[in-house]
Structures are given as C-alpha cells and as structure tokens.
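Okay, structure first, notes after.
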Amino acid sequence: MKRIFDEVNSLDKRCYEKFALTEDILMEHAASSMASYIQKNHKDKKSILIVCGSGNNGADGMALARLLYKAYEVSLYFYTDLKSPMAKLQFQRAKALNINIIETLYEADIIVDCIFGSGLNKPLKNDAISLINKLNDINAFKIACDIPSGINNKGQIIDVAYEADITITMGALKTSLYTDSAKEFVGDIKVANLGVQREVYEGNSNKYLLEKEDMILPKRSKKQNSHKGTYGHLNVIAGCKKGAGVIAAKAAFGFGAGLVSVVCHEELDLPYHIMQTHFLSQNCTAIAIGMGLGKYDKKEIKEILNNDLPMIIDADLFYEEIILDILDKDIVLTPHPKEFCALLKLCKIADISIIELQENRFFYVELFSKKYPNITLLLKGANVLISKNKEIFVNPYGSSVLSKGGSGDVLSGLIASLLAQGYKSIESTISASLAHTFAAKAYKKNDYSLIPSDLIEEVKKL
C-alpha cells in the first residue's frame, strides 16, 4: 500500500528546509517526470498543447514545454495573466526559446492541463468553465498536471472538471484524487518524482492506497493436517429478503469457510453444501447479519448482536437504534452512502444528505472512526473507504460492473468468511474488498450483465 496525503505543501517545505532543495529544483523534476512519461508512452504523437494558469501549475506547464521543445510541436496557451514569481520566471525561459504561444485553441495530439492544480479553493469563473468545456470537447490524449482543473482541494467538483486520461500528480498521492466525484475525471494516476525518492519526500500519513499485493487470499497450502472445522463455521442470519442471506452464504463458502449455515425459522431451498439452522450453531465462529433483514424479532436479534463472536453487519440494521448498543465492539460495518447517513444520524455525529456525505467522504469516515475506534467501517462507493481507529484505506478498484443488486451481499459473505476463518476484522475487510473488486474486473462478459453467482465464480479464480 502507498501513503495518501491531504496536502503536500508541508512536504515541499520539508524539502526546502531539510534537503536544501529549492522551488525551482522541485519544479524542474516535476516537469521532467511529465516529459519522460510523454516521451516514453507517446512517441507516435507530434503536437502538444499545454494550457497554463497564472500560478505554479502553469509554471510546471511552461517548464514542460521547454523540455519538449523540438521533440514535439509544442504550443502554450495562457488562461490568464501570470501571477506567481515561478510562473513569470518559467515564461522568460520559454520565451527565450521562442516556444509557440497561441491565442486560439486547436486540436493537438496531446493536451496538458496546467491551469489550476491542487490549489483550487473557490468556484470557477465563467471563462474558466468555458475553457475547460472546450478542452474536454477536443479529441486528444489528455494529461492533467497534479490534479484535473475544476477539482478543488477537497476533491469536490463545483461546476465542471477537465476529463484527463492520466493525472501526473506531484510528489505524492492526494486524497482529492480519490473522492468518488473525482474518479470520473482523474484517469490513471502517476506520481512525479520531485528530486528525491517518494520514501524520502513523504512523511507520515493515516491514509493509504490499497494495491493488489495487499489482498490476502485464504489459501490452504500450509495446512495439510486439517478438517472442515479448521476453517470456521459461519452463521448467516436470513431475514425477510432471504435471497440476500443465501447469496452471502454462497460467497462465504466459495471464499474458504469450512462450514456455512443460514439461520432462518422458515425452511429454505439451499444448495446442498449450505446448511440451515433455526438458531446460532454451537460451533459458530462468526456471524453475518443485516442483509435483507427487514422486520425482525427484536429480542432474538438483540441476543445475536450481544454475542462476542466476530461479526459483520450490513444493510437494514443501520436504520435501527439497536445497533447503538454494540458500537464499542470489534465488528465490521459495511454501509452504502444512504445507510451511512442514517447511521451518522443515529450516532448523533451528523444529520446530512447523501450529497453532503459524498462530497466529504473522508471527513465523515474520520469522524465516525474517531468516535468508534474499535469498529472496522467499510463505506461503499466508486472508491471504497475502509477505516479503523485513525487509519483509512482506499480501495480504488471499484467499477460500475458492481452496480447490481446482490453485489453487496457477496461482499458481506466474503468478509464474513475471513472472519470465520480467524482473520482480524481489518484484514478481513481489506482482503475481501480487494477480492470483490478484482473479481469484478476479471468478469469478461458485458459490463451490465453481472449477477452474484458470476462474481462468486470469479472470486474462486483469484
């Protein structure tokens, strides 16, 4: 996993003070990183249009133009008059080379957005909105310098944003690149070296970007002398919508649980390998509850929730006050945005709309985890946020393939399976979430056609 930062100005300052680097040196390395990417990956392209703003993001663009001059047909377009000292200095350097400066946009092979960067902290003016819309309409490969223009320093899009194919961000990853709003605009994300390796440039952070290597699959190669009980016995509590519980049970069995039982008072038509019980099994090692629960017997559910077994809670229970009694436990919660808003209100943390939550996902996840440090929280979304205590982990691999009924029930089953097998709550949630998203990525049929059983089959192939 890699560190993510809310801001990097303090990291730049550390380079100046501790390593005797200058703003100019950092900027040259930033431009060099962008130039190296372009020359390595776009040898077939001829023309490059670099659109510059008034500050240091524009200065990065002018430094890039100088480095690519003569290797490509480079043109500079200025959104407004230059303001920062570095922008004025880089303009002098570009002008000395007679780099082409244009006043009318044209269709270049590559467009580089260097208008605002990560410093944007106010709504766009009408001329900026018009410019970004025009750039988006041009058929070209689009690169954003640091962050696509129009995305503010909180990752919010107030008006419009530049639609990048790749974002080359400076020095370190930033939380503003990993909001759900930003996901449509950032494209691939690459970090530019600023004169020292990232291990040197970066400081401490409580936020991390998950990678495939962080996924721990419950492989059994080291356990030859074992039996089904060695791998746990999961109990899935089925509610009014029984299909949700059955989906979770199937997913759990396919992800390594030795035994899976669905707890339901009505007789169910279950697959042969899934058992049914009317009450919790005596040898139960984990519980999954909430998915499709609907109306329930409060006394019975309270007894289940008060159990000290590892537990994942999903869906309907996020609207019920009964959940407040167990938020001091080491359990897993997996709400989607609407459910999380309901939970925040129940917990008296915030009474907000889904829109407000989605614009400030990191903020409200941090608030919740600060109040309930024992809980492992997974907030579903285009970029999944997983938190426990003070740490937040981002799974960036979510896709619209998963926007189908039952996908969340599969996720619950995967997490529950690992809990039943003895994995810790945060380990189970991270690994199951990654397995969930990589299974969806591996699905080869039409992206609208995924059903839960397809997802479970792909999980088995990981």
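Judged by the mean number of other Cβ atoms found within 10 Å, the most tightly packed of the peptides 272-284, 18-30 leads the ranking 18-30, 272-284.
Applying the Karplus relation 6.51 cos²θ - 1.76 cosθ + 1.60 with θ = phi - 60° to the range 190-199 yields 3J(HN,Hα) values of 10, 9, 8, 6, 10, x, 9, 5, 4, 4 Hz, where x marks Gly and Pro. In this label model, residue 134 and residue 350 are separated by 3.7 nm, measuring between points 7 Å along each Cα→Cβ vector. Relative to the longest principal axis of the Cα atoms of the chain, the long axis of helix 56-68 lies at roughly 70 degrees. Remark on residue 263: its backbone amide H falls under 5 Å from those of 236, 237, 238, 277, a criterion applied only to residues 5 or more positions apart or on other chains, H modelled at 1.01 Å from N. The angle between the Cα long axis of helix 361-371 and the main principal axis of the chain comes to about 50°, on a 0 to 90 degree scale.
Here the 3J(HN,Hα) profile of the range 323-334, calculated from phi with Karplus coefficients 6.51, -1.76 and 1.60 at θ = phi - 60°, is 6, 5, 6, 10, 6, 8, 8, 8, 10, 10, 10, 10 Hz, Gly and Pro shown as x. Taking amide H atoms as placed 1.01 Å from N in the peptide plane, the amide H of residue 208 lies under 5 Å from those of 4, 392, 393, 394, each 5 or more residues away in sequence or on another chain.
The separation of the range 112-162 from the range 229-269, counted between C-alpha centres, amounts to 48 Å. Among 193-199, 290-296, 418-424, sorting by the average number of other beta carbon atoms lying within 10 angstrom of each residue, highest first, gives 418-424, 290-296, 193-199. Cα-based values for the chain, radius of gyration first and Dmax second, are 25.4, 82 Å. Return the percentage of antiparallel bridges among DSSP beta bridges fully within the range 2-205, rounded to the nearest 5 %. Antiparallel: roughly 5 percent of the beta bridges in the range 2-205. Here the Karplus relation 6.51 cos²θ - 1.76 cosθ + 1.60, evaluated at θ = phi - 60°, turns the backbone of the range 77-86 into coupling constants of 10, 10, 6, 7, 5, 6, 10, 6, x, 5 Hz, with x for every Gly and Pro.
Between residue 96 and residue 46, the modelled label-to-label distance comes to 3.0 nm, taking each label 7 Å out from Cα in the direction of the beta carbon. Relative to the longest principal axis of the Cα atoms of the chain, the long axis of helix 425-442 makes an angle of roughly 70 degrees. When you filter the trypsin sites (Lys or Arg not before Pro) in the range 305-369 for DSSP loop state and at most 12 other Cβ atoms inside 10 Å of their Cβ, you are left with 348. For the range 382-403 and the range 305-375, compute the distance between their C-alpha centroids and round to whole Å. If you average the Cα positions of each part, the centres end up 15 Å apart. Rounded to whole Å, the principal axis extents of the Cα atoms in the range 2-205 read 44, 37, 33, largest first.
Among the aspartates and glutamates, which have Cα under 14 Å from the Cα of residue 18 when same-chain residues fewer than 8 positions away are ignored? List returned: 202. A cut-off of 5 Å between modelled amide H atoms, ignoring neighbours fewer than 5 places along the same chain, links residue 311 with 287, 332. Using the rule -39500 (n - 2.57) for each DSSP H run of four or more residues, divided by the residues of the chain, the 222 nm mean residue ellipticity is -10500 deg cm²/dmol. Per-residue packing, averaged as other Cβ atoms within 10 Å, sorts the ranges 406-415, 129-138, 44-53 into the order 406-415, 44-53, 129-138, beginning with the highest.
Each reported figure results from applying straightforward, stated rules to the coordinates on display, with no laboratory input. Since this is a predicted model, take the numbers as computed values, not measurements. Reconstructed Cβ throughout: ideal geometry from the backbone, glycine too, with neighbour counts over all protein chains shown.
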